[in-house]
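What follows is a set of notes on a single structure, which appears directly below.
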Amino acid sequence: RRWAAERLVAGRPVLIARVALASFDLVNSAHGRAAGDLILGEAAERLNRVAQDLFGGGAMVARATGPEFLLAGDAGHAAEEELAAQIRATLARPFGRALVGSRLGVARSRAGDDAADDPARLQFDVVD
């Protein structure tokens with residue numbers, strides 16, 4: 001939240017994706033926690049690459065809860081559709097022999113947004 005709030009207060013629009021690994025719980029149950037942890041680590045690395053490709057050094061990737069991640073960057077660097085397409089493509093590739101997939105929503109702050117004091121108030125559009 002602090003990352004987004006600092007940018008919003010400074011008047012810099014942000015683009016945030018909330019990403020959930022779609023069938024992670026099934027893989028975790030069938031193959032155990034160690035396999036699940038490997039998938040979470042690989043997913044984080046893939047999302048970091050997407051963030052760096054689209055936003056450069058001004059990006060942030062964080063694990064939110066369970067198999068959910070937040071990916072954020074300065075909104076002037078990428079469009080919602082481009083971000084969603086790259087996330088879908090990178091998470092559609094197999095994790096070893098496991099196919100996980102993703103569900104995601106994207107939020108973009110806009111001029112005059114009153115979410116600067118609480119970025120959690122940004123409205124996410126469900127993309128998948």
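The values are calculated or read from the model by the stated rules, or taken from the named source; none is laboratory data. None of these values were measured; they are calculated from a predicted model. Here the Cβ positions follow ideal geometry from the backbone for every residue, glycine too, while neighbour counts run over all protein chains shown. Accessible surface areas use protein heavy atoms only, side chains included; no ligands, DNA or RNA. Shrake-Rupley method; radii C 1.70, N 1.55, O 1.52, S 1.80 Å.
Some points to look at:
- Within the stretch 71-95, the set of residues being open to solvent by less than 50 Å² (accessible area, probe 1.4 Å), under 22 Å from residue 37 (Cβ atoms) and not in a helix (DSSP H, G or I) comprises 71, 95.
- When residue 118 is tested against (1) open to solvent by less than 60 Å² (accessible area, probe 1.4 Å); (2) modelled with pLDDT of 90 or more, just one condition goes unmet, and that condition is (2).
- All conditions in (1) in contact with a strand residue (DSSP E or B) (Cβ under 7 Å, 6 or more places away or on another chain); (2) modelled with pLDDT of 90 or more hold for residue 90, with the sole exception of (1).
- In this entry, residue 108 passes the filter for residues that are of a type in the set (Lys, Arg), surrounded by 11 or more Cβ atoms within 10 Å (Cβ to Cβ) and modelled with pLDDT of 80 or more.
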